[in-house]
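Here, each number is a calculation from the coordinates, and none is a lab measurement. For clarity, every value in this text was computed on a predicted model and none was experimentally measured. Here Cβ is always computed from backbone atoms with ideal geometry, including for glycine, and neighbour counts include all displayed protein chains.
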Amino acid sequence: MSKELLVKIALNSWEIQIKRTDQLVAELTDEQLAQEVAPGRNSGTYLLGHLAAVHDAMNDILGLGESKYPSLYHAFVKHGDKSGLETPTVQELRKIWAEVNEDLWNRMKSLPAEEWLKRHTKMTDEDFAKDPERNKLSVLLNRTNHVSYHLGQMVFLKKK
């Protein structure tokens, strides 16, 4: 199997998970997103902000550009739900989610297959020489699993 085909498969998996998450977020009301996915767990709003923050940070990690919303990372990754920090509204998060993923997708799909096998920006050349599996493609696979995990949590917000 060629590296081009492997990258295509990974990008396709990413695209499927993003579309599924887009569909769920569109179906959920603001009130549903405000609910906890389970008692004592994160709210859908927090998870949406968390995913948007992580995906925005991928631009930097993959060497595709700078994060557009660094304050999201502070509020939704460095701190947990109910931290009391000022965060965007649900409507703003919906827009940011869509914008971040569209921008990231356009950048990722134009990256040549060979580039996906190179180190990501959080690795040093020395560390990458010791562990070449920690490349940009591994970041994509990890983040695809991450969005899938949180999508599974957010499904519990749907009305029965």
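General remarks:
- Cβ-Cβ under 7 Å pairs, at least 6 apart or on other chains, the stretch 52-64 side at negative phi, far side in a helix (DSSP H, G or I) and hydroxyl-bearing (S, T, Y): A53/Y73; A57/Y73
- Number of positions in the stretch 120-144 that are of a type in the set (K, R) and closer than 15 Å to L104 by Cα: 2
- Of everything listed in (1) surrounded by fewer than 16 Cβ atoms within 10 Å (Cβ to Cβ); (2) over 12 Å from the mean Cα position of the chain (by Cα); (3) farther than 18 Å from H150 by Cβ, the single unmet condition for L11 is (1).
- Extreme residue, farthest from L64 (Cα to Cα), among residues of the stretch 119-129 that are assigned to a loop (DSSP other than H, G, I, E, B) and either under 20 Å from the mean Cα position of the chain (by Cα) or in contact (Cβ under 8 Å) with a residue 60 or more places away in the chain (or both): M123
- Checked against (1) in contact with a helix residue (DSSP H, G or I) (Cβ under 8 Å, 6 or more places away or on another chain); (2) more than 30 Å from F128 (Cα to Cα); (3) not aromatic (F, W, Y), N101 passes all but condition (2).
- Residue selection: G49 fails the criterion of being within 19 Å of E31 (Cα to Cα), out of contact with any helix residue (DSSP H, G or I) (no Cβ under 9 Å at 6 or more places or on another chain) and either surrounded by 12 or more Cβ atoms within 10 Å (Cβ to Cβ) or without any contact (Cβ under 8 Å) to a residue 12 or more places away in the chain (or both).
- Total residues in the stretch 6-30, condition farther than 16 Å from A52 by Cβ and among the hydroxyl-bearing types (S, T, Y): 2
- The residue that is surrounded by the most Cβ atoms within 10 Å (Cβ to Cβ), among those in the stretch 103-157 that are out of contact with any Leu (no Cβ under 7 Å at 6 or more places or on another chain) and basic (K, R), is R143.
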